[in-house]
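Shown next, in structure tokens, is the structure this report addresses.
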Amino acid sequence: MKVLLTAVTTGVDTNMGGPTGVIVKIMKGLSTEQRYRYSTVFSFLNYVSPEADAQVYKNRRFIFSINKFFSQFKWHKYLYFLVICIKFFFRLRHKLSLSRKEENLIIHAHDVMSSFIYLKFFKNHYRYRIITSIHCVGSFWKEYGRGENNFFTRFIKQCEEYAISNSDIITFPSRGAANLYKQDFSKEVRRKLESDIVHIVYNGIDYDFINNALSEQTQENLRKKYGLQDKQNIILTVASFRKSKGVDFIPNIAKALEGEADFFLVGKGELEGELKRQISELNLKNLLIIPPIDRKELINLMKISSVFLSPSRETVFDLVMLEAMSTVGPILLASDIPGHDEMIEDEKTGFLSKPAAIAQKIKFILNLNNAQINTIKENAKNRIVNNFLSQKMIENYEKIYLDFVKC
């Protein structure tokens, strides 16, 4: 059996979730199984592996030059996207031509546009069955268009509806993600998304990597680097700075806990200027914004934190929260929304809260005794090991592949 893993993407993040991160984990898992072979198709990458840095950066320089050129035009974002879709079309055509004699080939698309391109232009000729895995927060057309309603977003929506309507199997990383996604479509498309072709495959983490990354020396260096030697109550958030992540709640939460806790916000994004303005207006001394850091450093920063906070308004299935849980360092506190409630068992493996009550919930957590804290951390670790490891995710995808072959 051969699996062709695809994504319309210009870069690769082998450390986190999203299309390429999940693809890398599937590749690693399938490489240990002799009954499987795999291949990949991306817009600008020939292959993906943690060792492919030189190839990635070479491609990124080229990609950034294209993006810079298009930035002078009004519709630059969409023109740029059109270029990477066209590039993907030709790469996919070449890969399929090399695989035309394959009998048990499965297309596993990790975004709706690579699914659309195969279904629209190649399915009638090759007739390979396709799995479409959705990793975005809500629909792709709405996420990419950021709420804009123009010719391009309407076209992307039509492509997305075509991909969903014609896929053989659709997967989501959580029930919350599936419910959030279908809200953006017509009744006809929603019926497809409520049928038995939809599967939930939770993302998973590399638990061995987390354990190997933990280092007391690194933790001590981080305490010195950020002046944490005398700080006891560290509240950590790791997120991209956009509205769906709820990072704009954090300055007011930090203000309510001045003198009681220190907040660290790791990431970057479009709301960074707004966050800095809030910090200045509130004269906050207990909130520090940190640009993205090395993953091993981040894991050790999680370990020395008291609370890992995720105040998202919407979520798919946040792998960084799973990583925080797996360090057995902080207690998780997340907004009470679909997706989070599939990861956290409230008051057993962490806590869920409405945004308005987060400050009070943090105070509650900081006043727990050691026995209560240790029980929650142990429960969280067990939940990770039993449900959210990469191997579990790969096994669930394998079941779908094998069912395809039997049909």
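Read the figures in this text as sums done on the coordinates, not as results from a lab. Every value quoted in this text rests on a predicted model; they were computed, and no experiment measured them. All Cβ positions, glycine included, derive from the backbone under ideal geometry; neighbour counts span all protein chains shown.
On a 26 Å Cα-Cα criterion, which of the cross-link pairs K142/K348; K142/K245; K25/K87; K157/K268; K245/K276 come out too long? Don't jump to the answer; show the numbers that get you there.
Values: K142/K348 35 Å; K142/K245 16 Å; K25/K87 24 Å; K157/K268 28 Å; K245/K276 16 Å.
Table pairs above 26 Å Cα-Cα are K142/K348; K157/K268.
For the charge dipole of the chain, defined by +1 on Lys and Arg C-beta atoms and -1 on Asp and Glu C-beta atoms about the Cα centroid, which residue among V41, L271, A371 has the Cα displaced farthest towards the positive pole?
V41
Excluding the sites themselves, what is the longest stretch of the chain that contains no chymotrypsin sites (Phe, Trp or Tyr not before Pro) in a DSSP loop with at most 15 other C-beta atoms within 10 Å? All intermediate terms of the calculation are to be shown ahead of the outcome.
Values: sites that count: Y47, F73, W75.
With a cap of 15 other Cβ atoms within 10 Å, the longest stretch comes to 76-407.
Quick one: grab Rg to one decimal and Dmax as a whole number for region 91-168, Cα atoms only, in Å.
For region 91-168, the Cα-based Rg and Dmax read 13.6, 43 Å.
Please report the equivalent ellipsoid semi-axes of region 200-289, computed as sqrt(5 x eigenvalue) of the Cα gyration tensor, largest first, in whole Å. Could the numbers behind the result be given before it?
Working: eigenvalues 128, 86, 24 Å².
Square roots of five times the eigenvalues give 25, 21, 11 Å.
Run lengths n ≥ 4 of DSSP H only: what is the helix-derived mean residue ellipticity at 222 nm for the chain, with -39500 (n - 2.57) per run over all residues, to the nearest 500? Provide the component values of the computation, followed by the final result.
On the way: 19 runs with 204 residues, N = 407.
The helix-only estimate for the chain comes to -15000 deg cm²/dmol at 222 nm.
Using a Gaussian network model on the chain with a 10 Å cutoff between Cα atoms, which of S312, S215, S97 fluctuates the most?
Per the Cα network of the chain with a 10 Å cutoff, S97 tops the list.
Using 31 Å as the Cα-Cα cut-off, could you pick out the over-long pairs in K28/K361; K28/K377; K77/K381? Can you show the working numbers first?
Working: K28/K361 39 Å; K28/K377 29 Å; K77/K381 41 Å.
K28/K361; K77/K381, as the Cα separations exceed 31 Å there.
Identify all aspartates and glutamates with a Cα-Cα distance to K399 below 16 Å; exclude those on the same chain that are fewer than 8 residues away in sequence.
Filter leaves E33, D168, D196.
In debye to the nearest 20, how big a dipole does region 152-192 give about its Cα centre with +1 on each Lys and Arg Cβ and -1 on each Asp and Glu Cβ?
Working: 8 positive and 5 negative charges, 39 e Å.
In total the dipole reaches around 180 debye.
Estimate the FRET efficiency between A371 and E258 by the formula 1/(1 + (r/R0)^6), using the beta-carbon distance for r and 22 Å for R0, to the nearest 0.05. Can you show the working numbers first?
Details: r = 29 Å, r/R0 = 1.31.
According to the calculation, E is roughly 0.15.
For region 274-379, run through the trypsin sites (Lys or Arg not before Pro) and keep only the ones in DSSP coil with at most 14 other Cβ atoms within 10 Å of their Cβ.
Values: sites: K276, R277, K285, R295, K296, K303, R313, K348, K361, K363, K377; in loops: K285, R313, K348.
The qualifying sites are K285, K348.
Could you give the C-alpha radius of gyration of the chain expressed as a fraction of 2.2 N^0.38 Å, taking N as the number of residues it contains? Could the numbers behind the result be given before it?
On the way: Rg = 21.9 Å, N = 407, 2.2 N^0.38 = 21.6 Å.
Rg over 2.2 N^0.38 Å, computed on Cα atoms: 1.02.
Out of P292, T9, G176, whose Cα points farthest toward the positive end of the dipole of the chain (charges: +1 Lys, Arg; -1 Asp, Glu; placed on Cβ)?
Of the candidates, T9 comes out farthest on the positive side.
Report the extension gain between D341 and D196 in nm, rounded to one decimal, defined as 0.36 nm multiplied by the number of residues separating them, less their alpha carbon distance.
On the way: separation 145, 0.36 × 145 = 52.20 nm, distance 2.27 nm.
That works out to 49.9 nm of additional length.
Quantify how much of the Cα-Cα distance distribution of region 252-299 extends past 11 Å, in percent. Don't skip to the end; give the middle numbers.
Values: 787 of 1128 pairs.
Here the tail beyond 11 Å accounts for 70 percent of pairs.
Can you put V247, V266, V112 in order of Cβ neighbours within 10 angstrom, beginning with the fewest?
Details: V247 25, V266 19, V112 28.
Result, fewest neighbours first: V266, V247, V112.
What's the magnitude of the charge dipole for the chain around its Cα centre, counting Lys and Arg as +1 and Asp and Glu as -1 at the beta-carbon? Answer in Debye, nearest 20. Kindly include the intermediate steps, with their values, before the conclusion.
On the way: 57 positive and 44 negative charges, 306 e Å.
Roughly 1460 debye, rounded to the nearest 20.
Using the alpha carbon gyration tensor of region 207-387, what are the three equivalent-ellipsoid semi-axes (square root of 5 times each eigenvalue), largest first, in whole Å? Kindly include the intermediate steps, with their values, before the conclusion.
On the way: eigenvalues 101, 73, 54 Å².
Equivalent-ellipsoid dimensions as semi-axes: 22, 19, 17 Å.
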